[in-house]
1. Taking segment 75-100 on its own, how many of its residues are more than 22 Å from residue 55 (Cα to Cα) and crowded, with 16+ Cβ neighbours inside 10 Å?
2. What about residue 138, is it loosely packed, with under 15 Cβ neighbours inside 10 Å, at positive phi, in contact (Cβ under 8 Å) with a residue 12 or more places away in the chain and outside any strand (DSSP E or B)?
3. Could you tell me whether residue 56 is outside any strand (DSSP E or B), within 13 Å of residue 156 (Cβ to Cβ) and in contact (Cβ under 8 Å) with a residue 12 or more places away in the chain?
4. Among all residue pairs at least 6 apart or on different chains, which show Cβ distances below 6 Å where the first residue, located in segment 97-110, is closer than 12 Å to residue 144 by Cα and the second is at pLDDT 95 or above and in a loop (DSSP other than H, G, I, E, B)?
5. Would you pick out the residues in segment 109-122 that are crowded, with 18+ Cβ neighbours inside 10 Å and not in a loop (DSSP other than H, G, I, E, B)?
6. Can you pull out the residues in segment 141-164 that are under 16 Å from residue 75 (Cα atoms), more than 19 Å from the chain's Cα centre (by Cα) and outside any strand (DSSP E or B)?
7. Evaluate the following for residue 60: is it modelled with pLDDT of 60 or more and surrounded by 10 or more Cβ atoms within 10 Å (Cβ to Cβ)?
8. Which one of 9, 30, 67, 16 is part of a loop (DSSP other than H, G, I, E, B) and modelled with pLDDT under 80?
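The values are calculated or read from the model by the stated rules, or taken from the named source; none is laboratory data. Just so we're clear, the structure is a prediction, and the values are computed from it rather than from any experiment. Neighbour counts run over all protein chains shown; Cβ positions are idealised from the backbone, glycine included.
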């Protein structure tokens, strides 16, 4: 009887090890590095006089899927505590010289704008996204971002100009 219990325990252990090894050794689709033409690491900077130390970051990622969804994981730091902010973007065709567009689009969950709420320390995070299914693959744009105050609509953080290609 004792031998049968030990035998069953050994078989279960071997099965578990094989299952775990198989799971972790499967090839997984990796998100392309941020230096590809499809992904950006966007730094956001504030005005040193009005909001000293304020900053933000957008992890702009286009997964290689047919839906053409852009993930916009957004962080803000050292802004007004317990307050709402919004992420906006403006684009220019790649044939233009730079990011001169002021046609700001408020981003969020697809077509629905979504607030970025800050905590007691003025830090906030939101996992936002935008579908670009209607835009032809390979289209190239200049893009820049800004974070605006959700109440006054004043700009509090801005980015440099970036180039991206629709996957």
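1. Matching residues across segment 75-100 total 1.
2. Yes; evaluated as a whole, the condition is true for this residue.
3. no
4. 98/161; 99/161
5. Listed by number, the residues that qualify are 116, 118.
6. 150, the sole residue that qualifies.
7. In short, yes.
8. Answer to the check: 30.
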